[in-house]
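Below: the structure, in structure tokens.
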Amino acid sequence: MLPVGILAASAWVALTIVVVFGLSFFDRSSAETAQRTASEVAADCSGALSSDHACYQERYQNLVRDSGVKAALGELKDEYEKNDFVRLNCHHLMHTIGGTAIEIHGDVAGAYGQGDGFCGSGYYHGAAAAMVAKIGVDKMLEEADTICADLRESQEYSTINYFDCVHGLGHGFMGVLENELFESLGACDALTDGWERESCYMGVFMENIMAQDHSSHPSKYLKLDQPFYPCTDVEAQYKAPCYSVQTAYALGTQDDDFAKVFGLCATIEHDHRPVCYRSLGTNVAAHTIAQSISEASEINSASALCMLGKDYEARSNCVFGATRYFIYHYYSDEQARELCESFDDADLRAFCLQTAEEHYESAFEPGLEL
């Protein structure tokens, strides 16, 4: 059984795979991006390139290299407000900035010192994944315990940056092991701390979904007719981390029909249903943020989608996941509290407000439980 902190953290990491889970930090081949020169992509990704992920990826890589991390982050935030493609792909572009920061700073601690949690901590995930790639497959197991060591020593298990680092290792292991899921889970098992292993597992399962259309190594561990595979087949210690992200893939197989996925969650092992519903709530928030044109419409859409749950267990856990993700995405509790106030059900509203209060305090104050 996962500790409370991990179950709470699982509400974060499903995040933007619901939107563009075909893209990954490792998803673009060098041959594809080599077709463009740096000058073509550094200044302008408009016109024919306005929806080209590789163009934006190189743009932000060059901004980090030429102007620094802070400049790249500032430019992305400006674009987020006016560019639908950047908004939709924000988490993955933050992966790119974080990964490039490793080139500049050389280690996780240095890169994290320049970082920003905007768009679901994509920066931190990308930095940790890039550090694994830098170390390489031959030494990564030997050095796995050292990658997040500075954060381990300075922060409690419940703090966001520490979680993001060990979660990012899962992404990194999948990258260097060419999306071999079971080998990557085995790499996570090389971590000596149980909390870190469980956080790493979630990174592996998230990358598995993101890699379904990988250009050279598409995922072999997804089945359209079994939306919760591989969660149904993995060993017991991997099940909760898997269910915590797999709803994103399940939604894709059901044409984003949240009511159907509520129904699918209701069919899985009883012990893992709350995790499934919470993960679905995360996807509710991520989906509405990506699709809505205003924060008001985000709140209204998220409220309506969580109410599709057939009973209080389903609805309350959905609200739990959505509330926490709004806080995580915006680094603020304002939107989460607006969501809470939108519910007519007094018990659900009170539960939501309590969740928002507890999570906002614990997420941003070191040493408190998530």
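Every number here is computed from the coordinates shown, using simple stated rules; none is lab data. All values reported here derive from a predicted model rather than from experimental measurement. A quick note on method: Cβ atoms are made from the backbone with ideal geometry, for glycine too, and the neighbour counts reach across all protein chains shown.
Values computed for the structure shown
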read-out	value
Ascending count of other beta-carbon atoms within 10 Å, so fewest first, for 289, 104	104, 289
Flagged links, alpha-carbon separation over 31 Å, of 77/220; 223/310; 82/134	77/220; 82/134
For residue 223, residues with placed amide H under 5 Å, excluding near neighbours	229
Neighbour-limited loop hits for trypsin sites (Lys or Arg not before Pro), the range 72-152 (at most 14 other Cβ within 10 Å; DSSP other than H, G, I, E, B)	82, 139
The range 254-370: relative contact order in percent, alpha carbon pairs under 8 Å with at least 6 residues between	22
Between the range 52-115 and the range 124-187, the alpha-carbon center distance in angstrom	19
Residue order, fewest to most surrounding Cβ atoms within 10 angstrom, among 247, 355	355, 247
Taking 178, 207, 79 and counting other C-beta atoms within 10 Å, the order from fewest to most	178, 79, 207
Hz values of 3J(HN,Hα) by residue in the range 66-76 - Karplus curve (6.51, -1.76, 1.60), Gly and Pro given as x	8, 10, x, 4, 4, 5, 5, 5, x, 5, 5
Per-residue HN-Hα couplings for the range 310-326 [Karplus 6.51, -1.76, 1.60; θ = phi - 60°; Hz; x = Gly/Pro]	7, 8, 5, 4, 5, 5, 5, 6, 4, 4, 3, x, 5, 4, 5, 5, 4
